[in-house]
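Undergrad: Before anything else, here's the structure in question.
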Amino acid sequence: MAQFQPQQFIAGQVRDIPRSGIREFFDIVQTMPDVISLGVGEPDFVTPWHIREAAIYALERGKTSYTSNLGLLKLRQAISGYVEKRFGVPYDPAKQILVTVGVSEALDIALRAVVNPGDEVLYHEPCYVSYSPSITMAHGVAVPVSCQAEHGFALTAEALEKAVTPRAKVVVLNFPTNPTGGTMTRAELLKIADVLLRHNLLVITDEIYAELTFEGEHISIASLPGMRERTIFLHGFSKAYAMTGFRIGYACGPAELIEAMMRIHQYSMLCASIISQEAALEAIQRGEPDTAEMREQYRLRRNFIVKAFDAMGLSCHRPRGSFYAFPCIKSTGLGSKEFAVKLLETERVACVPGSAFGPSGEGYLRCCFATALDQIQIATERIARFVGKLKKG
Ligand SMILES: Cc1ncc(COP(=O)(O)O)c(C=O)c1O
């Protein structure tokens, strides 16, 4: 009888996926005392009380059942109103909106709904760690398009155009970007839209940091002429309302695509938690002042951290959105992983090596400023001491 070897049973497309560079790193951090973490990309704020209260109240009222697969109609109606007002894109709550378990699930099912084996999915890099593995798990071919600090980590139409082949089907966008804080102006997005239209490509846009835009208008590609019809718009509550633990997000798009995504969602997730949906309704209806307050705190921290990196001689793009700074550490002569590990060991500051966000992130460090200002102050002092010693030695 052949010996049972569990690894032989792992599907090929899963076997080749690396573990997230962030998690790997933070497993080490967990074991160390006295560490200041600028690592995990999650608000340091607790979910605003009235939103938590809505969840508690939902439980008190016995809201413990499944909901419609698409999500509570009252929540979809509120999402429809919000997305139209905030992004200028109207969606029909009856058939163009699906409530999901975070943007994570929305991205996964959007890709699975549209990608055939071998289809190419383009995305800008450095990017959120899940994009490439999610494309691979959907049997697609991940095609990164590199973004540069000198362009503010925006995606240029020229770079996108160069990467398009006849097998290209989908482009994933995320502005403001995790991990670079890159944003796009309307003029830049119009050029991207032109490429997408000429090559008949579908867009998946991940708008999770839209509300955390500090200056300039945030434009969603979905709002540009001819784009709503070819865009799956993903958004969620994790960042804007500090609701990561609620696991709640949504997808908006053409009815046919939302229906295809809903079929996957129906058989895998069934529906998002009703308690989280009730909380999300409160957030979207009355959470705007909380978001504004948190955004102001992030803005102050952004200003502080960028200045601190400049002062220590590490050039740092000034992010116009998100809560990430992405300083360049090339001048220290260390690779990004080596830099992050040594910084952690000698100064007890945890940041994520830029290489965790794809090869284009090499030479950079992601520092999340969703951490209290006094902690950021101590962390940057420690980083400055570390960099000073490297430059001397
Ligand atoms: C760009 C981006 N998209 C999606 C997610 C996941 O969001 P959610 O908590 O809604 O699943 C994150 C989380 O860090 C992110 O940075």
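The values are calculated or read from the model by the stated rules, or taken from the named source; none is laboratory data. Note that the structure is predicted; figures quoted are calculated from it, not measured. Glycine also receives a Cβ, built like all others from the backbone with ideal geometry; neighbour counts cover every protein chain displayed.
Undergrad: What are the pairs with Cβ atoms under 7 angstrom where one residue, in the range 41-59, is β-branched (Val, Ile, Thr) and the other, located anywhere, is part of a loop (DSSP other than H, G, I, E, B)? Sequence gap at least six, or different chains.
TA: These pairs meet every condition: Val46/Ala242; Thr47/Tyr241; Thr47/Ala242; Thr47/Met243; Ile51/Tyr241; Ile51/Met243; Ile51/Gly287.
Undergrad: When the residues of the range 61-80 are filtered to those that are closer than 15 Å to His235 by Cβ and not hydrophobic (A, V, I, L, M, F, W, C), which remaining residue is surrounded by the fewest Cβ atoms within 10 Å (Cβ to Cβ)?
TA: The residue in question is Ser80.
Undergrad: Right, another one. Looking at this structure, is Pro126 within 14 Å of the ligand (Cβ to nearest atom), surrounded by fewer than 19 Cβ atoms within 10 Å (Cβ to Cβ) and touching a residue at least 60 places away in the same chain (Cβ under 8 Å)?
TA: No, not satisfied.
Undergrad: Can you spot a residue in the range 295-303 that is of a type in the set (A, V, I, L, M, F, W, C) and either over 25 Å from Gly81 (Cβ atoms) or in contact (Cβ under 8 Å) with a residue 60 or more places away in the chain (or both)?
TA: So in the range 295-303, the residues of a type in the set (A, V, I, L, M, F, W, C) come out as 300.
The next check asks that each one be either over 25 Å from Gly81 (Cβ atoms) or in contact (Cβ under 8 Å) with a residue 60 or more places away in the chain (or both); those that pass are 300.
Yes, the range 295-303 contains at least one residue that is of a type in the set (A, V, I, L, M, F, W, C) and either over 25 Å from Gly81 (Cβ atoms) or in contact (Cβ under 8 Å) with a residue 60 or more places away in the chain (or both).
Undergrad: Let me ask another. Give Pro117, Pro133 a once-over and let me know the one that is assigned to a loop (DSSP other than H, G, I, E, B) and either over 24 Å from Thr156 (Cα atoms) or touching a Ser or Thr at 6+ places or on another chain (Cβ under 9 Å) (or both). Talk me through it step by step, then tell me what you get.
TA: Details: Pro133 fails: assigned to a loop (DSSP other than H, G, I, E, B).
Step by step, each of Pro117, Pro133 is checked, and only Pro117 is assigned to a loop (DSSP other than H, G, I, E, B) and either over 24 Å from Thr156 (Cα atoms) or touching a Ser or Thr at 6+ places or on another chain (Cβ under 9 Å) (or both).
So that you can scan it fast, the table gives a plain yes or no per residue for (1) within 15 Å of the ligand (Cβ to nearest atom); (2) over 29 Å from Lys330 (Cβ atoms); (3) assigned to a helix (DSSP H, G or I):
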residue	(1), (2), (3)
Thr165	no, yes, no
Val172	yes, no, no
Pro179	yes, no, no
Ile192	no, no, yes
Leu197	no, yes, yes
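Undergrad: Only one residue in Val99, Val40, Val83 is within 16 Å of the ligand (Cβ to nearest atom), surrounded by 15 or more Cβ atoms within 10 Å (Cβ to Cβ), among the β-branched types (Val, Ile, Thr) and at pLDDT below 95, so which one is that?
TA: Matching residue, one of Val99, Val40, Val83: Val40.
Undergrad: Please count how many residues of the range 317-333 are buried (at least 19 other Cβ atoms within 10 Å of the Cβ) and in a loop (DSSP other than H, G, I, E, B).
TA: The number of residues fulfilling the criteria is 8.
Undergrad: Sticking with this one: Consider the range 334-371. How many of its residues are out of contact with any Cys (no Cβ under 9 Å at 6 or more places or on another chain) and in a loop (DSSP other than H, G, I, E, B)?
TA: So the answer is 7.
Undergrad: Here are the criteria: (1) over 30 Å from Tyr324 (Cα atoms); (2) touching a residue at least 12 places away in the same chain (Cβ under 8 Å). Tell me which single one Arg15 does not satisfy.
TA: (2)
Undergrad: Can you tell me which residues in the range 43-74 are among the aromatic types (Phe, Trp, Tyr) and either more than 16 Å from the ligand (Cβ to nearest atom) or more than 26 Å from the chain's Cα centre (by Cα) (or both)?
TA: If the condition is that a residue be among the aromatic types (Phe, Trp, Tyr) and either more than 16 Å from the ligand (Cβ to nearest atom) or more than 26 Å from the chain's Cα centre (by Cα) (or both), then Trp49, Tyr57, Tyr66 are the ones that fit.
Undergrad: Let me ask something else about it. List the pairs whose first member sits in the range 165-191 and is among the charged types (D, E, K, R), whose second member is in a loop (DSSP other than H, G, I, E, B) and within 16 Å of the ligand (Cβ to nearest atom), and whose Cβ atoms are under 6 Å apart, counting only residues at least 6 apart or on separate chains?
TA: So the pair list comes out as Glu188/Ala154.
Undergrad: Moving on to the next point. Within the range 372-385, can one find any residue that is part of a strand (DSSP E or B) and buried (at least 22 other Cβ atoms within 10 Å of the Cβ)? Break it down into steps so the answer makes sense when it comes.
TA: Taking the range 372-385 and keeping what is part of a strand (DSSP E or B), we get none.
No, that holds for no residue.
Undergrad: Here is a further query. Quick one: which of Ala94, Ala106, Ala138 is under 23 Å from Glu259 (Cα atoms), among the hydrophobic types (A, V, I, L, M, F, W, C), at pLDDT 95 or above and within 11 Å of the ligand (Cβ to nearest atom)?
TA: None of the other options fit; the residue is Ala106.
Undergrad: Would you mind finding the one in Glu217, Glu188 that is in a loop (DSSP other than H, G, I, E, B), away from the ligand (no atom under 14 Å from the Cβ), farther than 28 Å from Gly71 by Cα and more than 15 Å from the chain's Cα centre (by Cα)? Talk me through it step by step, then tell me what you get.
TA: Values: Glu188 fails: in a loop (DSSP other than H, G, I, E, B).
Answer to the check: Glu217.
Undergrad: Go through the residues of the range 161-169 one by one and say whether even a single one is surrounded by 21 or more Cβ atoms within 10 Å (Cβ to Cβ) and within 22 Å of the chain's Cα centre (by Cα).
TA: Looking for residues that are surrounded by 21 or more Cβ atoms within 10 Å (Cβ to Cβ) and within 22 Å of the chain's Cα centre (by Cα), one finds none in the range 161-169, hence no.
Undergrad: Test of understanding: among Val114, Val141, which residue is surrounded by fewer than 19 Cβ atoms within 10 Å (Cβ to Cβ), more than 22 Å from Val352 (Cβ to Cβ), in contact with a strand residue (DSSP E or B) (Cβ under 7 Å, 6 or more places away or on another chain) and among the hydrophobic types (A, V, I, L, M, F, W, C)?
TA: Answer to the selection: Val141.
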